[in-house]
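Single-structure report; data block below.
The values are calculated or read from the model by the stated rules, or taken from the named source; none is laboratory data. If you're wondering where the values come from, they're calculated on a predicted model, not measured in any experiment. Cβ coordinates were reconstructed from backbone atoms using ideal geometry, including for glycine residues, and neighbour counts include every protein chain displayed. Calculation scope for accessible area: heavy atoms of the full protein, side chains included, ligands and nucleic acids excluded. Shrake-Rupley method; radii C 1.70, N 1.55, O 1.52, S 1.80 Å.
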Amino acid sequence: MRVDSIYIENFRKLSKRNFEFSDSFDIIVGQNGSGKTTILEAIYLLSTGKSFITNHILNCVNFSADFFLLSAKFEKQNGVDSIDFLLGEKKKELRYNTQKITSFSEIIGNYPVLLLNYTLSDIIKGGPDKRRDFLNHSLIFTDHDYYKALLRYYSMLDRRNALLKSNKASMDILSVFSEEMVSLGVEIQSKRENMINEIQLVIDELFLKVSGEKVEIKIKYFPSPVSKLNNLESIKEERAKKRTLYGIQLDDISIRLDGKETREYSSLGEAYSLAFSLRFAEGEIIKKKKHEIPIILIDDFFADLDELRRSNILKLLSSEQVFITTLSTKIIPPEIIDVAKIFML
């Protein structure tokens, strides 16, 4: 899969720009604030329905405008799809192949994209939410039923928490919510565990390819006991504390490298190498299950890697469409420059 082109209007600092991309390396060069990351953010937004910079997409509207427009063509094995997204304070329109659709949830998972930027080590060093986000991202691009179950679960969770905070939650009402959440939670946790098992099969080899180091990596899933959502004593405790105390929103993953817990003991270099390896494992699973090669977005990040890791990572990306933003092409290997399409901002 590849992004053929994208038109950007009033999206952050880019007023009206059209970009046509290559099918291998696209290198975007410019100073800080020139709009390099904006191009990647636009691609990511059309793929996932989210920004990787802000939780409020309206913040992406240029200060001098009252809307933004993104239009892209995604080339897949079975043809070319178009996505058009217009958003402003008083207007919102999303079109898929020229037909209006209500939300990105209708097309989520169709255009897999993997983001590699300075936050990547948060998967290793950050809190449990970062590892849950990684799992969700992996599963959303390989299992549309997972995404639907996830949306439904969190909708129910929000309503359940609101009831608990309001002191208006009877045991009967909470039990109604809990019953469906337990069913959804069991399904979600089963899929998460299966995904971890698949990653475990390939992670050691990928870490070796990224870092040049042979290690033993163990990934273990710690699901929160979702069945307690429908337990009488647990519900009493939740009513007292005014919040939901169990469920998939509290799951975590332990990642050990040669027996040591990476969140506590890994160096920054090890954390980055491991996080890259996890992303590449995700990419391999997407290829296997979706028969599509994900788009790779590397944002102002190569300067933070040593020459060996940069070279190793690029070797793993020979078959993908790869976007790289950088201040200078000097850190990009000549063999990549020779085949890349370069955009100067």
Residue count for region 228-252, restricted to those that are outside any loop (DSSP other than H, G, I, E, B), open to solvent by less than 80 Å² (accessible area, probe 1.4 Å) and at pLDDT 95 or above: 3
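Taking ASP306, is it of a type in the set (D, E, K, R), over 19 Å from GLU205 (Cβ atoms) and open to solvent by 50 Å² or more (accessible area, probe 1.4 Å)? Explain how you work it out, then say what you get.
Numbers: of a type in the set (D, E, K, R): yes; over 19 Å from GLU205 (Cβ atoms): yes; open to solvent by 50 Å² or more (accessible area, probe 1.4 Å): yes.
Spelling it out, ASP306 is indeed of a type in the set (D, E, K, R), over 19 Å from GLU205 (Cβ atoms) and open to solvent by 50 Å² or more (accessible area, probe 1.4 Å).
Among the strands (runs of 3 or more DSSP E) contained in region 53-117, which hold 2 or more residues that are open to solvent by 20 Å² or more (accessible area, probe 1.4 Å), over 24 Å from LYS290 (Cα atoms) and touching a residue at least 24 places away in the same chain (Cβ under 8 Å)? Let's see the steps before the verdict.
Values: elements: 67-76, 79-88, 92-96, 99-101, 113-116.
Filter on region 53-117 gives 67-76.
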Any chance GLU187 is charged (D, E, K, R), in a helix (DSSP H, G or I) and either out of contact with any helix residue (DSSP H, G or I) (no Cβ under 6 Å at 6 or more places or on another chain) or touching a residue at least 60 places away in the same chain (Cβ under 8 Å) (or both): no
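Here is a list: LYS260, LYS315, LYS289. Which entry is open to solvent by 60 Å² or more (accessible area, probe 1.4 Å) and within 17 Å of LEU116 (Cβ to Cβ)? Steps first, please.
Numbers: LYS260 fails: within 17 Å of LEU116 (Cβ to Cβ); LYS289 fails: within 17 Å of LEU116 (Cβ to Cβ).
Residue meeting the stated conditions: LYS315.
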Enumeration of residues in region 298-338 that are of a type in the set (A, V, I, L, M) and within 16 Å of VAL29 (Cβ to Cβ): ILE298, ALA303, VAL322, ILE324, LEU327, ILE331, ILE332, ILE336, ILE337
Flag if GLU20 is in contact (Cβ under 8 Å) with a residue 60 or more places away in the chain and of a type in the set (D, E, K, R): no
Filter result for the condition that a residue is closer than 23 Å to LYS90 by Cβ and modelled with pLDDT under 95, over ASN55, ASN32, ASN10: ASN55
Scan of region 176-225 for residues that are open to solvent by 50 Å² or more (accessible area, probe 1.4 Å), modelled with pLDDT under 95, farther than 27 Å from ASP306 by Cα and not aliphatic (A, V, I, L, M), ordered by number: GLU179, GLU180
